[in-house]
Every structure is written in C-alpha cells, then in structure tokens.
Amino acid sequence: MNHLKDLIRQVPDFPKPGILFYDITTLLKNPGGLKQVLDGLRDEYVSKPIDVVVGIEARGFFFAPALAYALGAGFVPVRKPGKLCSATVAEEYALEYGTDRLEMHEDAIAAGQNVLIVDDVLATGGTAAAVARLVERVGGRIAGMGFVLELDFLKGRDRLDGRPVHSLLHY
Ligand code: AMP
C-alpha cells in the first residue's frame, strides 16, 4: 500500500501557512491508484456485516458510494449545514477558530444498522468524532471507521474513543 503515497500530492501552506495538505486528487485520477484504494478498503470490511456506508462531505463522497457498491451496502451522506431537505440531526465540532456543524437526515439510518464511516483524511479526529456521534444518536452501530490516510502525529484516533479505525496509509 505504501507505494500509493507516491500518488498523493503534498501541498505546503494550503489552505493556510503551516498546514501540509495531502491532495488525493492526484490519486483519484490514477486508474490503478483509485482501484487499489477502493479494493484495500473493501478487503478490510468485506467480511463484516455493513448495512450502510456514511460519507463525510466533501472528500468522503469520493470514496463512500463506490465502497458501498463494492460491499453491497447503502450510502448515506453527512452534509454541511443547510444542504439536506428533510428533518435532520446535527452535531457541532470545534475548529481552530470557532465551531462547525454537520447534518444527516434523521431517517437515514435505522436503529441497529451496522455502519461504516468513511473519509479521506483522519487528522485531529474532530470531524469523524462528530459523525460517529450522529450515527450513534439515531441508533446506528459503528462497525468501522475507514480512512485513506491518517496523520498519526495528530492522534485523531484517540478522539474516537476506541471505535474501530482503519487507515490504509499512515504519515
Ligand atoms: P479533522 O477533523 O482534523 O480530523 O480533519 C478531517 C477533515 O479535514 C477531513 O475531512 C479532511 O478532508 C480534512 N483535512 C484535515 N487535515 C488535512 C490535511 N493535512 N490534508 C488534507 N485534508 C485534511
């Protein structure tokens, strides 16, 4: 898997000074790279009973629907505020300055369903923790939290309170 790092572009000082941004568009456009990432995540979860794959807006949407298809599961979007048209549940999470909010349709997941949460990057874990709370509030059972890459030094995994995390690549 580590050879896939060659396909991920690292952009210093984006979106602001001091941040090293991991750009997965260079991986997505590579046919072999895209296939290996999706196959890698599928292989991790294919033996687990996943009913629904939850993708986090925006970059989680690049992976979650294709993975849901590969697993024979459904896909549920977690979206930024104001985008969903029916009744929602919402969770706020802290940013460096202020807070942000994510929403999900309250009927998107039925109590007891097995849920896999997917995003591109696990950084501080604030985003993924908020989504995990959303899923659990409606009664979903978190069967996995899958990421293309994890920034180990930010210890995002620790904020996920022992929920099962798997990342294909580690930095
Ligand atoms: P966090 O809540 O800190 O774990 O941030 C996770 C979200 O921010 C993910 O949805 C990522 O897409 C994005 N993100 C955070 N840090 C980076 C980074 N260094 N490079 C690319 N994306 C990032």
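Observations
- Boolean, ALA111 is among the small types (Gly, Ala, Ser), in contact with a Leu (Cβ under 8 Å, 6 or more places away or on another chain) and more than 16 Å from the ligand (Cβ to nearest atom): no
- Residue check for LEU27: among the hydrophobic types (A, V, I, L, M, F, W, C) and either in contact with a strand residue (DSSP E or B) (Cβ under 6 Å, 6 or more places away or on another chain) or within 16 Å of the ligand (Cβ to nearest atom) (or both): yes
- Apart from one condition, LEU7 fits all of (1) free of Cβ contacts under 8 Å to residues at least 12 places away in the same chain; (2) touching a helix residue (DSSP H, G or I) at 6+ places or on another chain (Cβ under 7 Å); the exception is (1).
- Failed condition for VAL89, given (1) modelled with pLDDT of 95 or more; (2) in a strand (DSSP E or B); (3) within 11 Å of the ligand (Cβ to nearest atom): (3)
- Residue check for LEU41: within 16 Å of the ligand (Cβ to nearest atom) and closer than 17 Å to LEU151 by Cβ: no
- Filtered by the rule that a residue be within 26 Å of GLU106 (Cβ to Cβ) and within 14 Å of the ligand (Cβ to nearest atom), segment 135-160 gives MET145, GLY146, PHE147, ARG159, LEU160.
- Residue within segment 133-156 that is crowded, with 17+ Cβ neighbours inside 10 Å, touching a Leu at 6+ places or on another chain (Cβ under 9 Å) and farther than 29 Å from GLN36 by Cβ present: yes
- Residues in segment 118-145 that are under 25 Å from ILE19 (Cβ atoms) and either assigned to a helix (DSSP H, G or I) or in contact with a Pro (Cβ under 9 Å, 6 or more places away or on another chain) (or both): GLY126, THR127, ALA128, ALA129, ALA130, VAL131, ALA132, MET145.
- Applying the set (1) more than 11 Å from the ligand (Cβ to nearest atom); (2) farther than 20 Å from GLY82 by Cβ; (3) assigned to a strand (DSSP E or B) to ARG101 leaves exactly one unmet item: (2).
The values are calculated or read from the model by the stated rules, or taken from the named source; none is laboratory data. Bear in mind the structure is a predicted one, so any value in this text is a computation, not a measurement. Note: ideal-geometry Cβ built from the backbone for every residue, glycine included; neighbour counts use all protein chains shown.
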